[in-house]
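Since the structure comes first, as structure tokens, the remarks are kept for the end.
The values are calculated or read from the model by the stated rules, or taken from the named source; none is laboratory data. None of these values were measured; they are calculated from a predicted model. Glycine gets a Cβ as well: all are built from the backbone with ideal geometry, and neighbour counts include every protein chain shown. Accessible surface areas use protein heavy atoms only, side chains included; no ligands, DNA or RNA. Shrake-Rupley method; radii C 1.70, N 1.55, O 1.52, S 1.80 Å.
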Amino acid sequence: MSEFLSRLRFERDHRWAPDRMSAYLDGGLAARPRTRMERHAGACPECRRLIATLRQMLSALHSLPPPAGGADADALAASVRLRLNR
């Protein structure tokens, strides 16, 4: 592939990747998009760092103890989403 076409593909994939990183980490991408993400992350230090950071955050969240006092998981998730959107 020519250098020009490689650069175009890289830029297109760089715009495509961020919106699909969560699905990638959750195992929710089909084989073809998963391969595309892995190819791009292999060539893009920025996206590779972002995926690593998201993995660390997920790991930290999964290691937290369950909420005390029977907190409603849906209410807790809604609260987190609200704060993230601010």
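Tabulated data for the structure shown
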read-out: Residue within segment 15-26 that is modelled with pLDDT of 95 or more, open to solvent by 90 Å² or more (accessible area, probe 1.4 Å) and of a type outside the set (Asp, Glu) present; value: yes
read-out: Criterion violated by residue 34 - all others in (1) surrounded by 10 or more Cβ atoms within 10 Å (Cβ to Cβ); (2) at pLDDT below 95; (3) not small (Gly, Ala, Ser) satisfied; value: (2)
read-out: Residues being in a helix (DSSP H, G or I) and open to solvent by 50 Å² or more (accessible area, probe 1.4 Å) - total across segment 53-77; value: 17
